[in-house]
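Undergrad: Would you mind keeping the following structure in view while I ask a few things?
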Amino acid sequence: MRIYSTSDLHVDFEPNSRWVRNLSLSDFTDDALIVAGDISDNLQQLEQTLFELQKRFSLVFFVPGNHDLWVRRKECPNSLAKFELVTNLCRQTGIEIKPQRIGSGSEAVWVVPLLSWYVQPREGKDSLFLHKPGEDPTNRMWSDQYFVTWPQKNINRWFLDRNEQEIRNLPAGQPVISFSHFLPRQELIFHKYPPVFDPELIKKYDRNPAFNFSRVAGSTLLDEQLRSIGSSLHIYGHQHRNRDRIIEGVRYISHGLGYPNEREQELTGSGPYALKLIFEPGSELHENQRKRA
């Protein structure tokens, strides 16, 4: 079984919804797909998209992103209730939201979903925040400010604790592919790291100089957790910028569809968007996974 990845499908945009519907009905029937969050805040569209993907893949893995947990239609009192609604929908429809072993013998690999949220700089030292000249520290343009509400503090820790309940009994000695919606490391945010923040270049080229994504990117605790289970490959989404990097022995891949205008401007990556093949039994990638385990 091959494993593909994608994220940030945002099917509220018709070109994105059409892209999903145009996926082959025959090419992937023996394969698995990891969807690293952000399909739609509309439950009906979320369910329909997961159904479309299930028709094309043998297994579909999913973790909710921030857009999936927006509360705009009064279907839930808060985003935690929306999370429970989304995960119950996944359970009822056969979408994989818990660790699953794929394959057998020397070709087996564990696929491990990791729930998470982002930590803002005022919330703790595990934030991925890095100051950006000219930024608006309130991030008023960030839609989560208006559509996401939590009934408790430190929601990222709540999600990570929930992960611990699922991963504590993972068997040692087998390759692990983990995935989350949010970023586990600061280095992944930037095209080059450490970044050079030139105020003149920001003013000239930055489409939104007041917005600082690092305030809402992810958490360092997520990286600690994925490394604690021996993950050698981690898939993530959220930033709408495709990355494929190896940092301290772990390969990190972000490969998302993003918004139509971002693809037109080649901000997510150059060329037509396609699913990312991240794992194939017997491949060099599989051998690296096996050796790490």
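The values are calculated or read from the model by the stated rules, or taken from the named source; none is laboratory data. Since the structure is predicted, the reported quantities are computational estimates derived from the model, not experimental observations. Ideal geometry is used to build each Cβ from the backbone, glycine not excepted, and the neighbour counts take in all protein chains shown.
Undergrad: Looking at the range 204-220, can you tell me whether even one residue there is under 25 Å from Leu275 (Cβ atoms), in a strand (DSSP E or B) and at pLDDT 95 or above? Break it down stepwise before answering.
TA: Filtering the range 204-220 for residues under 25 Å from Leu275 (Cβ atoms) gives 213, 217-218.
Restricting the remaining residues to those that are in a strand (DSSP E or B) gives 218.
Checking which are at pLDDT 95 or above leaves us with 218.
The answer is yes, given that some residue of the range 204-220 is under 25 Å from Leu275 (Cβ atoms), in a strand (DSSP E or B) and at pLDDT 95 or above.
Undergrad: Only residues that are of a type in the set (A, V, I, L, M) and either in contact (Cβ under 8 Å) with a residue 60 or more places away in the chain or surrounded by 22 or more Cβ atoms within 10 Å (Cβ to Cβ) (or both): list them for the range 196-243, please.
TA: Matches in the range 196-243: Ile202, Ala210, Val216, Ala217, Leu221, Leu222, Leu226, Ile229, Leu233, Ile235.
Undergrad: Which of the residues belonging to the range 27-36 are surrounded by 17 or more Cβ atoms within 10 Å (Cβ to Cβ), over 15 Å from the mean Cα position of the chain (by Cα), in a loop (DSSP other than H, G, I, E, B) and of a type outside the set (D, E, K, R)?
TA: Our first condition is that a residue be surrounded by 17 or more Cβ atoms within 10 Å (Cβ to Cβ); within the range 27-36, this holds for 28, 31-36.
Keeping just the survivors that are over 15 Å from the mean Cα position of the chain (by Cα) gives 28, 31-32.
Subset that is in a loop (DSSP other than H, G, I, E, B): 28, 31.
Once the filter is applied, which keeps residues that are surrounded by 17 or more Cβ atoms within 10 Å (Cβ to Cβ), over 15 Å from the mean Cα position of the chain (by Cα), in a loop (DSSP other than H, G, I, E, B) and of a type outside the set (D, E, K, R), the range 27-36 yields only Phe28.
Undergrad: Looking only at the range 37-82, count how many residues are within 15 Å of the chain's Cα centre (by Cα) and part of a helix (DSSP H, G or I).
TA: Final tally of qualifying residues: 3.
Undergrad: List the residue pairs whose Cβ atoms are under 9 Å apart, where the first residue sits in the range 263-281 and is at positive phi, the second is part of a strand (DSSP E or B) and among the polar types (S, T, N, Q), and the two are 6 or more positions apart or on different chains.
TA: Partner pairs satisfying both residue conditions: none exist.
Undergrad: Taking Gln152 as the residue in question, decide whether it is loosely packed, with under 11 Cβ neighbours inside 10 Å, of a type in the set (S, T, N, Q), over 22 Å from Ser232 (Cβ atoms) and free of Cβ contacts under 8 Å to residues at least 40 places away in the same chain. Reasoning before the result, please.
TA: Numbers: loosely packed, with under 11 Cβ neighbours inside 10 Å: yes; of a type in the set (S, T, N, Q): yes; over 22 Å from Ser232 (Cβ atoms): yes; free of Cβ contacts under 8 Å to residues at least 40 places away in the same chain: no.
No: the conditions fail for Gln152.
Undergrad: Then there is this: It is to be established whether one or more residues within the range 94-103 are out of contact with any strand residue (DSSP E or B) (no Cβ under 9 Å at 6 or more places or on another chain) and either within 24 Å of Tyr4 (Cα to Cα) or in contact (Cβ under 8 Å) with a residue 40 or more places away in the chain (or both). Even if it seems obvious, please write down each step before you answer.
TA: First, the residues of the range 94-103 that are out of contact with any strand residue (DSSP E or B) (no Cβ under 9 Å at 6 or more places or on another chain): none.
No - not one qualifying residue is present in the range 94-103.
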